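Here the structure is laid out as C-alpha cells; the discussion comes afterwards.
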Amino acid sequence: YKNIELIIIHYTAIKGKLNSIKYLCSNKNKVSSHFLISNKGEIYSLVSVKKRAWHAGQAYWRGHNDINSISIGIELDYIPNNNNNRKYTKDLINSLIFLIGKLVKKYSILSHNILGHSDISPYRKIDPGSNFPWKILKNKKIISRIQKSQKIKQIQQLLKKWLIKNKFISDKRKKLLMLDYIGYDISL
C-alpha cells in the first residue's frame with residue numbers, strides 16, 4: 001500500500017468519455033489514471049487507488065521523482081481549444097470538488113499538494129491548462145494559494161535583503177530560487 005501525498009489533475013485532450021476510457025484502459029498506450037470525470041460530472045474509477053496508475057510520466061515535486069508512487073491521478077474529459085476559450089463544465093468541476101474532498105479526507109492530503117500535471121512536468125505538459133478554474137478550488141478552500149496581507153511588504157523587504165546578502169542579484173536566479181523552494185524542477 002502506497003503513501004499517497006499528492007493529487008494530480010490532468011485533462012484527456014480526447015474527444016468523449018468513452019474514447020478516453022478506452023485509451024486510458026488500453027495496455028498498449030502505457031498510460032492510466034485512477035479517475036476520469038466526464039463533462040457531465042460522471043466519476044469513473046479506472047485504477048484502484050491502492051495501485052499505481054501511470055499518469056505522471058517523467059515528473060518531479062519537492063524532491064520526489066517517482067510521482068506515480070505517491071499520487072492519485074484525476075483525468076478530466078476536456079479538450080483545450082484556445083480559439084473558443086472553452087471552459088470546463090460546471091458539472092465536471094463540481095464532481096472534481098466532490099472527489100478531491102473525499103480523497104483529501106481519506107488520505108490526509110495537504111491543500112498545497114493538489115497540483116496540475118504542468119506543475120510536476122513543466123517542461124513537457126500544460127494540463128489542466130489556462131482555462132482550468134483554480135480560483136474556484138481556492139475559494140472552496142480546497143487548494144492553498146498565497147494570500148495578500150499587510151505583512152507582505154515586511155516579508156518582501158526581508159527577502160530582498162536576504163537575496164542581496166546571498167548574491168542572488170539577477171532576476172533569473174531569484175525566480176529559480178523561488179520556484180525551487182516551492183517544489184518545481186529547475187534542473188533545465
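Computed with the Debye formula from one identical point scatterer per Cα of segment 10-68, without solvent, the log10 of I(q)/I(0) at q = 0.13, 0.18 Å⁻¹ comes to -0.36, -0.66. The modelled label-to-label distance for the pair PHE98/LYS15, using points 7 Å beyond Cα in the direction of Cβ, is 2.8 nm. Multiplying the residue separation of TRP134 and LEU177 by 0.36 nm and subtracting their alpha-carbon distance yields 13.1 nm. Each of ASN29, SER170, LEU115 was placed along the dipole of the chain (beta-carbon charges, centred on the mean Cα), and the one lying farthest toward the positive end is SER170. Accessible surface computed residue by residue for the chain, with neighbouring protein chains in place and a 1.4 Å probe, gives 65 Å² per residue. Scoring 160-173, 91-104 by mean Cβ neighbours within 10 Å over their residues and listing the highest first yields 91-104, 160-173. The fraction of accessible area contributed by carbon and sulfur in segment 42-147 is 50 percent, rounded to a whole number (1.4 Å probe; ligands and nucleic acids excluded).
Overall size of segment 37-142 from C-alpha positions, given as principal axis extents largest first: 37, 31, 27 Å. Where in segment 69-112 does the label zone of CYS25 land, with the point 7 angstrom along Cα→C-beta and an amide N cut-off under 19 Å? Backbone N within reach: 73-78. Taking each of LYS105/LYS141; LYS22/LYS102; LYS51/LYS90; LYS15/LYS40 in turn, the alpha-carbon distance tops 21 angstrom for LYS22/LYS102; LYS51/LYS90. Projecting label points 7 angstrom from Cα along Cα→Cβ for TYR107 and ASN65 puts them 2.2 nm apart.
Measuring r between the beta carbons of ASN3 and LYS141 and using R0 = 25 Å, the FRET efficiency lands at 0.55. Within the chain, the selection of entire DSSP H helices by a Cα span of 24 Å or greater along the long axis and an average Kyte-Doolittle value of at least 0.5 returns 90-107.
The Rg/Rh ratio for the chain, using Cα coordinates for both the radius of gyration and the Kirkwood hydrodynamic radius, is 1.01.
The values are calculated or read from the model by the stated rules, or taken from the named source; none is laboratory data. Every value quoted in this text rests on a predicted model; they were computed, and no experiment measured them. Don't worry about glycine lacking a Cβ; one is built from the backbone with ideal geometry, like all the others, and counts go over all protein chains shown. Accessible surface areas use protein heavy atoms only, side chains included; no ligands, DNA or RNA. Shrake-Rupley method; radii C 1.70, N 1.55, O 1.52, S 1.80 Å.
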